[in-house]
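Quick notes on the structure that follows.
The values are calculated or read from the model by the stated rules, or taken from the named source; none is laboratory data. Not measured: the values here are computed from a predicted model. Positions of Cβ are backbone-derived with ideal geometry, glycine not excepted, and every protein chain shown enters the neighbour counts. Only protein heavy atoms, including side chains, enter the accessible area calculation; ligands, DNA and RNA are left aside. Shrake-Rupley method; radii C 1.70, N 1.55, O 1.52, S 1.80 Å.
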Amino acid sequence: MAKQIQAIRGMNDLLPSQTPAWHKLEQAIRELTASYGYSEIRTPIVESTDLFKRSIGEVTDIVEKEMYTFEDRNGDSLTLRPEGTASTVRAGNQHGLLYNQEQRLWYVGPMFRHERPQKGRYRQFHQFGVEVYGLKGPDIDAEVLIMSARLWKLLGISEHVTLELNTLGDSEERGRYREALTAYLEQHKAMLDEDSQRRMYSNPLRVLDSKSQSTQALLENAPALVDYFGEETQQHFQRLRELLDQAGIQYVVNPRLVRGLDYYNRTVFEWVTSSLGAQGTVLAGGRYDGLVEQLGGKATPAVGFASGLERLVLLLTELGKVDDSPAIADVYVTAMGDNAVSAAMKVAENLRDQLPHLRVMSHCGGGNFKKQMKRADKSGAQVAIIIGDDEVSANTAVVKPLRSQQQQQSIAQTELVDAIRTQIGSV
Ligand code: ATP
Ligand code: MG
């Protein structure tokens with residue numbers, strides 16, 4: 001036998017038993033974004049490498065070691081998108097969507113990062129994200145957080161996620177803090193882990209994010225960002241907190257929350273769960289007021305978040321929130337004998353014409369009564385329609401309920417639509 005080719009490590013097939021959970025999630029996302037008046041944007045999966053270097057930042061995990069970057073046949077450096085914000089800003093600038101306008105956008109799609117695959121961490125994964133442009137106040141920060149809370153409600157997982165919130169101040173405040181932090185870290189350089197020693201000059205704030213215990217211990221006495229905030233930053237954060245309190249959204253302020261991408265300022269947040277082990281962040285985001293200008297547009301305030309769908313699917317599955325073998329048909333049409341096949345197909349087509357929401361599955365491949373009824377049962381259908389030679393000559397059909405004790409009955413084919421409508425309430 002020929003050697004089988006396997007999927008790329010860390011890139012998942014989604015099998016029929018898994019797609020119901022994805023549909024549930026995608027359906028909730030569509031409902032959610034529609035109910036807040038957000039519009040969908042779709043951008044290419046491949047972009048210029050420079051786009052991500054300039055936005056995410058050179059000294060970040062993503063750009064340093066996670067991007068799928070390659071030269072195309074022209075020698076241009078291209079990258080499979082590792083996240084959605086940079087592309088959205090690029091598209092917004094390119095098509096003039098951002099200047100002097102408000103935009104509330106959302107996207108969903110695959111992202112690519114060369115990480116070590118493990119539960120909740122893959123090399124191709126999917127993100128749902130929202131990005132809002134042209135609004136600088138804390139009210140819109142509150143809206144995207146209230147919106148994310150509603151997503152948990154739609155999915156039935158509100159009790160399993162908590163919100164962590166922080167503010168990073170503006171770039172000037174962070175600049176002054178950076179100096180103080182770097183000075184402190186320099187004094188204790190020998191005690192820092194290797195990554196932090198390197199990042200201490202290039203991106204000292206990322207040191208706050210270090211997973212090393214000794215580094216974290218050292219940080220206990222480091223200067224605190226909050227001491228560098230001016231009036232405006234404080235007011236923005238205060239007002240956001242009030243709005244969240246008034247909306248009944250619970251959160252914890254986590255001063256160590258800095259996020260792994262360079263473009264954030266002021267508000268940052270993560271929704272985390274303790275139900276998934278180490279990969280507990282299911283949604284993360286914040287404000288990024290400098291990015292539009294940094295990528296060549298006019299200065300435009302912005303806020304957004306991205307949520308990892310694989311982690312949400314895992315959560316939904318582990319909490320038993322999805323039916324993994326849902327019915328795939330409402331009605332199963334059987335055909336007993338060669339003569340019945342075309343009549344049965346006609347009956348099925350007519351049902352699809354008249355009842356567009358009805359899911360009708362036609363038996364193919366012949367076989368005896370027992371075999372066909374077994375397939376009907378497996379489809380999850382409520383009702384089987386049986387058509388044999390007698391029914392063909394009399395223009396009738398047998399309607400057989402599959403999930404109740406009701407008797408089967410023979411009716412004229414012209415009565416079928418009404419009979420099915422009565423049997424299956426939702427169509
Ligand atoms: P982490 O700290 O888990 O690496 P991150 O800070 O790199 O996350 P973001 O870039 O903010 O993550 O992406 C937002 C969300 O996308 C994450 O919270 C997570 O749910 C999801 N995500 C990120 N990377 C992966 C991945 N490799 N596989 C699956 N989901 C991911
Ligand atoms: Mg990461």
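Remarks
- When 66, 159, 102, 179 are screened for being out of contact with any Cys (no Cβ under 9 Å at 6 or more places or on another chain), within 16 Å of ligand 2 (Cβ to nearest atom) and of a type outside the set (Val, Ile, Thr), only 66 passes.
- Hey, residue 120 within 16 Å of ligand 2 (Cβ to nearest atom) and closer than 15 Å to residue 285 by Cα or not: no
- Of 225, 295, all but one fail to be among the hydrophobic types (A, V, I, L, M, F, W, C) and either open to solvent by 40 Å² or more (accessible area, probe 1.4 Å) or modelled with pLDDT under 95 (or both); the exception is 225.
- Strands (runs of 3 or more DSSP E) fully within the range 84-183 counting 2 or more residues that are open to solvent by 50 Å² or more (accessible area, probe 1.4 Å) and either in contact with a strand residue (DSSP E or B) (Cβ under 8 Å, 6 or more places away or on another chain) or without any contact (Cβ under 8 Å) to a residue 24 or more places away in the chain (or both): 103-112
- Qualifying residue in the range 21-44 (condition: in contact (Cβ under 8 Å) with a residue 60 or more places away in the chain, in contact with a helix residue (DSSP H, G or I) (Cβ under 7 Å, 6 or more places away or on another chain), assigned to a loop (DSSP other than H, G, I, E, B) and crowded, with 17+ Cβ neighbours inside 10 Å): yes
- Scanning the range 184-211 for residues that are part of a helix (DSSP H, G or I) and in contact with a Gly (Cβ under 8 Å, 6 or more places away or on another chain) yields a count of 2.
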